[in-house]
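Student: Mind looking over this structure? Questions follow.
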Amino acid sequence: MSKKVLKLAGKRPMLLAIIVMATFTLGLLFTGWLTPTPVKAQSSGGNPQPYIETNNCPNYVTNPAVTCPSITNYGAISTNYFCMDISGNTNRPIVLPLPGLAIIPGAAVGSMVTNITETCSNIVTSSTNTITLSFGALIFNPNPTNFNPVLPGQDYSSACSIVGTSSDTNHCSSQSISYGTVTWHVLKTNQSCSASGSATLNAYFLSDGVGYRLYTHTLRESYTKAYFCDDPKEKWLLSLSSASMAAWHMDDTYTWTETHQYSFQSAPVGMGPLSGSNIGPEGTDFLELASGIWVLPQSGLSGTGQAYLTWQNDDGAGTPGYIIYGGTITVSIQ
Amino acid sequence: MKLFKRLLVHAIALLALNCCLADSGPTKHTVSVNDHVLQITLPGEGAAPSVVQRLIAERVRRAIIDLTVQKSNITVSQETLSRCMDLYVVAGGESPTNIVDVVAARSAITIEALRKVVVNHEDKNDVYDKYLSRVMPHSEWETWLSSNNSIGKIDKLESLVPHSVNDLKRFSQESLRRDIEVWLLFHKLTKEVKPSPEEIQSYYKEKYPAGTPSFSEVKSEIENEAAKQTRDVYLNKWWQKQLAGSKIEVPAEYQNVSELIKITPNTPFLPVSITAILEKIN
């Protein structure tokens, strides 16, 4: 067989050369030396790229022009402050409200030019694709659901942002918009408060067998702090009422009257006993007649109680007492 | 004899009631406590029924307490009274000299104003505006006038004005003596009345059902409050017992004062400096 081939090669040397060349070329192809390799396209583009081809003229892809999308409207959230009333409940986990998008953000559409060059013919095919940003939901960090429990009198804050996800993250990255901090200010309404002052009241009665007497005089200011949210900030009001207390001894046949004046009032207001009688255990309460006054908080707010005593003499007459000390008590309301 | 006394009391009460209806001035009422007859003069015209009831109730209560003090043989020596008075006049935070000065000065201007109206017949409002408008409310001036409408009453008033610390003590000692006597009575009644450990724990659980703060944190507060509550309960029972054993007669129209009479009496207010002495002598 080999002798026959050599004879034929001697007779047709050109045919032999062609066969050898063809065999060599096919060998290279099968061993992969001349196989086109796919390469990731680069946003910068420009350089010829091999392209998978099924024929022997590989195409090359380039991206000579890539324009990423740009944010043209950063948008806005509906609010960055929530004043919340938890209605007197304490230590209660609650679901915090979330801001929405008052203005939806927007971005100009980007583009990417793709050129495909056929190497054999050197024909270039060009096409243009768009690249967009898609905005998702608002993101909070930390997540408000992690605020548990939500306590009155405290503020809770989260960083708020939104992400525009790129439609072609190989060429254009996603972008984030920050909306700063969102704060949840938690209130507890209707807090009952009280403050009191006390003094030993010295009184002198020009009455037979009475003279100098000591009494306990107490003024208690009771008030309700009524917080409420007045967008965007909180407001609070005070509901005021006052009580004065005097030890009412059964053998002291005096009449104790009391007036009361808040610092914002121009004249004192009379107080009356809470109970029908003026005989009672120590701490008989008097209440300002004009109770339940609503005022805005103000500096220097106080209440002043002023006691007046009259001794009821055995003959039915009354002798006003000279109050030397302790007749006036001022209590600060905060 | 008792029936006669009772009839007499009722007769006096009826007479007093008739006087009351005929005259708009101060009215006299007669009540009796364990057959001790009390003449009670009450403000007449303008006195609210609640005021009248209170005054009647106070006098009745006072009479029961006084009788109990007498039965208990509680007495206050002059030495103890003087010692307590020395403490009493300084316990209010003012110096006795200053008290005398204030009372004398205010009395001088009040008595002068009263004389101008009662003796010189000057207009009461003019006198008030000129002398007293910065010293007392107008209603107080009216009270002074209504109760001192004669020269004799103004002279009496003037005799009660202290001009020295000794006067101050002298004019005040009777009311202090009574405070001390009543204080000693209530102290004697309740000094051995103390809450049991179980009652203290029960009080704590009632006040702090959640268990916070812990008992050890508020032990002192709880013990004091529980002790006061126990004393109050004891005194209330004692008082209702006294009332049940007393014969109290009041005019028919004031029968409802019984509700006021039932209220547990208070322990008179005395400064700690005085109660410390009284606890030692009893």
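Student: Specify which of the listed residues (A:Ser157, A:Ser192, A:Ser167, A:Ser174) is closer than 30 Å to A:His260 by Cβ and among the polar types (S, T, N, Q).
Tutor: Checking each option against the conditions leaves just A:Ser192.
Student: Which of the helices (runs of 4 or more DSSP H) contained wholly in the stretch B:208-282 include at least 2 residues that are within 14 Å of chain A (Cβ to nearest Cβ) and acidic (Asp, Glu)?
Tutor: Output list reads B:219-244.
Student: Does the stretch A:173-223 hold any residues that are farther than 27 Å from A:Ser302 by Cα, touching a Phe, Trp or Tyr at 6+ places or on another chain (Cβ under 7 Å) and within 12 Å of another protein chain (Cβ to nearest Cβ), and which are they?
Tutor: A:Tyr204, A:Phe205, A:Ser207, A:Val210, A:Gly211, A:Tyr212, A:Arg213, listed by residue number.
Student: Another question about this same structure. Hey, could you check the stretch B:57-73 for residues that are at the interface with chain A (Cβ under 8 Å from one of its Cβ atoms) and among the basic types (Lys, Arg) and say which is nearest to B:Trp239 (Cα to Cα)?
Tutor: B:Arg61
Student: Only residues in the stretch B:257-282 that are over 25 Å from B:Gln240 (Cα atoms) count as the first member; pair them with residues that are hydroxyl-bearing (Ser, Thr, Tyr), Cβ under 7 angstrom, at least 6 apart or cross-chain, and list the lot.
Tutor: Every condition considered, the pairs that remain are B:Pro271/B:Tyr88; B:Ile274/B:Tyr88; B:Ile281/B:Thr80.
Student: When the stretch A:172-225 is examined, which residues are found to be of a type in the set (D, E, K, R) and touching a helix residue (DSSP H, G or I) at 6+ places or on another chain (Cβ under 9 Å)?
Tutor: Scanning the stretch A:172-225 gives A:Asp208, A:Arg213.
Student: Test B:Asn282 against the stated conditions and say whether it is surrounded by fewer than 18 Cβ atoms within 10 Å (Cβ to Cβ), under 30 Å from A:Asn202 (Cα atoms), out of contact with any Ser or Thr (no Cβ under 6 Å at 6 or more places or on another chain) and modelled with pLDDT of 90 or more.
Tutor: Against the criterion (surrounded by fewer than 18 Cβ atoms within 10 Å (Cβ to Cβ), under 30 Å from A:Asn202 (Cα atoms), out of contact with any Ser or Thr (no Cβ under 6 Å at 6 or more places or on another chain) and modelled with pLDDT of 90 or more), B:Asn282 does not qualify.
Student: Would you please list the contacts, defined by Cβ atoms under 6 Å and residues six or more apart or on different chains, that run from a residue in the stretch A:299-328 that is farther than 14 Å from B:Leu145 by Cα and more than 9 Å from chain B (Cβ to nearest Cβ) to a residue that is surrounded by 22 or more Cβ atoms within 10 Å (Cβ to Cβ) and among the acidic types (Asp, Glu)?
Tutor: If the second residue must be surrounded by 22 or more Cβ atoms within 10 Å (Cβ to Cβ) and among the acidic types (Asp, Glu), the pairs left are A:Gly303/A:Glu221; A:Gly305/A:Glu258; A:Ala307/A:Glu258.
Student: Among (1) within 23 Å of the chain's Cα centre (by Cα); (2) closer than 30 Å to B:Lys228 by Cα, which single condition is B:Asp167 missing?
Tutor: (2) is the only condition that B:Asp167 fails.
Student: Taking the stretch A:119-140, which residues are exposed (fewer than 11 other Cβ atoms within 10 Å of the Cβ) and part of a strand (DSSP E or B)?
Tutor: A:Ser127, A:Thr128
Student: Filter the stretch B:123-177 down to residues that are buried (at least 19 other Cβ atoms within 10 Å of the Cβ) and small (Gly, Ala, Ser) and give me whichever is farthest from the other protein chains (Cβ to nearest Cβ).
Tutor: The qualifying residue farthest from the other protein chains (Cβ to nearest Cβ) is B:Ser175.
Student: Let me ask another. Would a scan of the stretch B:251-268 turn up a residue that is in contact with a Cys (Cβ under 9 Å, 6 or more places away or on another chain) and either in the same structural domain as B:Leu87 (by TED's automatic domain parsing) or surrounded by 12 or more Cβ atoms within 10 Å (Cβ to Cβ) (or both)?
Tutor: no
The values are calculated or read from the model by the stated rules, or taken from the named source; none is laboratory data. Computed from a predicted model, the values in this text were never measured in an experiment. Methodologically, a virtual Cβ is constructed for each residue, glycine included, from the backbone with ideal geometry; neighbour enumeration extends over all protein chains shown.
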